[in-house]
Amino acid sequence: MVFEDGIWQILEPIMAVEVTAPDEFQGAVMAQLNKRHGIVTGSEGTEGWFTIFAEVPLNEMFGYVGELRSSTQGKGEYSMEYSRYSPCLPDTQEKIIQDYQRGMGIVPDKEKKKRKN
């Protein structure tokens, strides 16, 4: 019974991301990282270039290189490495659970109630 009564969370990998680009693109890069649920942990700048350090879920990083290159006229670069695992957002967790249940042919209680009405 403990299994059924427990509070469960799906963990996702969080990446330490380092983005370097010319100063004129700093606002665009910050907006991109925020849109991807990134948390900026620091920044520094030297001679017209800036570097932003952030933590971003791995799932949000797919396709980032194209977006970064197009928004920085091909001058932006980034690197990332594994940092840690962290609970995913509630919306993401619910979507994963629903996709799994549909794939396994399991009908959640909510859908059973809707079908009876």
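The values are calculated or read from the model by the stated rules, or taken from the named source; none is laboratory data. The shown structure was predicted, so the numbers you read here are calculated from the model rather than taken from an experiment. Virtual Cβ from ideal backbone geometry, glycine too; neighbours counted across all protein chains shown. Heads up: the accessible areas ignore ligands, DNA and RNA and are worked out on the full protein's heavy atoms, side chains in. Shrake-Rupley method; radii C 1.70, N 1.55, O 1.52, S 1.80 Å.
Restricting to region 10-66, name every residue that is among the charged types (D, E, K, R), open to solvent by 60 Å² or more (accessible area, probe 1.4 Å) and in contact with a strand residue (DSSP E or B) (Cβ under 7 Å, 6 or more places away or on another chain).
First, pick out the residues of region 10-66 that are among the charged types (D, E, K, R): 12, 18, 23-24, 35-36, 44, 47, 55, 60.
Applying the additional criterion that residues be open to solvent by 60 Å² or more (accessible area, probe 1.4 Å) yields 18, 23-24, 35, 44, 47.
Within region 10-66, GLU18, ASP23, GLU44 qualify.
What number of residues in region 26-81 are touching a Ser or Thr at 6+ places or on another chain (Cβ under 8 Å), among the aliphatic types (A, V, I, L, M), within 17 Å of ALA16 (Cα to Cα) and not in a strand (DSSP E or B)?
So the answer is 1.
Please find, within region 85-102, the residue that is farthest from GLU18 (Cα to Cα) out of those that are open to solvent by 90 Å² or more (accessible area, probe 1.4 Å) and under 15 Å from the mean Cα position of the chain (by Cα). Before you say what the answer is, go through the steps one by one.
Quick first cut of region 85-102, residues open to solvent by 90 Å² or more (accessible area, probe 1.4 Å) only: 85, 90-91, 95, 100, 102.
Now drop any that are not under 15 Å from the mean Cα position of the chain (by Cα), which leaves 85, 90-91, 95.
Details: TYR85: 18, PRO90: 26, ASP91: 27, LYS95: 29 Å.
Across region 85-102, the extreme among qualifying residues is LYS95.
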